[in-house]
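Q: After the structure tokens below, expect a handful of questions from me.
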Amino acid sequence: MHPVSSIIDESFDKKALSYYHLSLQLGLEGFSFCILDTKRNKYIGLESYRFSKIHDYPNLCDKIKEVIHKSDLLQNKYKSVSASITHNKSTLIPTALFEKSNEKNYLTFNHSLEKDEDIATDKLNNLDSLNLYALPRC
């Protein structure tokens, strides 16, 4: 599997990994990552992979594992790592109405959940609400 795009700055240095942040983005349509040099506040790497005929998260996980094992850039230990999942299974609940015991009811009101998905929440202080979203298990 080869990236559809790959841009690696000449300043990338494996000896400076303690300054690099790795950001991952995954979804059924593909997988991308970028590398930020936090010392210089400069992006120094970007790779993107597109997948076809991936319709569920177990197959997506298999493809991503394949990419990780083949990518020299993803074999490193970075200062920090963040990940995001691109999908539309989320809903906002005002803090005043939120009850932990009703998480599943809130999310399934607008979306159907698959058996391989869990529910996660993030508090959005500036909106005084919670973001509930489906998080696939691999």
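Q: Set the bar at 27 Å for Cα to Cα. Now go through 65/123; 79/104; 53/123; 14/65; 53/89 and name every pair that lies beyond it. Don't skip to the end; give the middle numbers.
A: Working: 65/123 30 Å; 79/104 34 Å; 53/123 34 Å; 14/65 22 Å; 53/89 20 Å.
65/123; 79/104; 53/123, as the Cα separations exceed 27 Å there.
Q: Rounded, prolate or oblate: pick one for the chain, where a ≥ b ≥ c are the square roots of the eigenvalues of its C-alpha gyration tensor, a/c under 1.5 means rounded, and failing that, prolate if a/b is larger than b/c, else oblate.
A: Working: a/c = 2.95, a/b = 1.59, b/c = 1.86.
Judged from the Cα gyration tensor, the chain comes out oblate (a/c at least 1.5, b/c at or above a/b).
Q: Just the number, please: carbon plus sulfur as a percent of the accessible area of the chain, 1.4 Å probe, no ligands or DNA/RNA counted.
A: Values: 4600 of 8930 Å².
Result for the chain: 52 percent of the exposed heavy-atom area is carbon or sulfur.
Q: Another question about this same structure. For the chain, what does the accessible surface come to per residue with a 1.4 Å probe? Please give it in Å².
A: Working: 8930 Å² over 138 residues.
Heavy-atom SASA per residue in the chain reads 65 Å².
Q: For the stretch 6-59, build the convex hull from the C-alpha positions and give me its volume per residue in Å³.
A: Convex hull volume per residue, Cα atoms: 84 Å³.
Q: Quick one: grab the alpha carbon gyration tensor of the stretch 39-102, order the square roots of its eigenvalues as a ≥ b ≥ c, and give me rounded if a/c is under 1.5, else prolate or oblate depending on whether a/b is larger than b/c.
A: Working: a/c = 2.67, a/b = 1.46, b/c = 1.82.
Taking the square roots of the gyration eigenvalues as a ≥ b ≥ c, the stretch 39-102 is oblate.
Q: Okay, next question. Can you list the trypsin sites (Lys or Arg not before Pro) in the stretch 1-108 that are in a DSSP coil and have 11 or fewer other beta carbons within 10 angstrom?
A: On the way: sites: 14, 15, 39, 40, 42, 50, 53, 63, 65, 70, 77, 79, 89, 100, 104; in loops: 39, 40, 53, 77, 79, 89.
Hits after loop and neighbour filter: 39, 40, 53, 77.
Q: Leaving ligands and nucleic acids out of the surface, order 66, 114 by accessible area at 1.4 Å, largest first.
A: 114, 66
The values are calculated or read from the model by the stated rules, or taken from the named source; none is laboratory data. Owing to the predicted nature of the structure, the values given are computational and were not obtained by experimental measurement. All Cβ positions, even for glycine, are placed from backbone atoms using ideal geometry, and neighbour counts span all protein chains on display. Side chains are part of the model used for accessible areas, which takes the heavy atoms of the whole protein and leaves out ligands, DNA and RNA. Shrake-Rupley method; radii C 1.70, N 1.55, O 1.52, S 1.80 Å.
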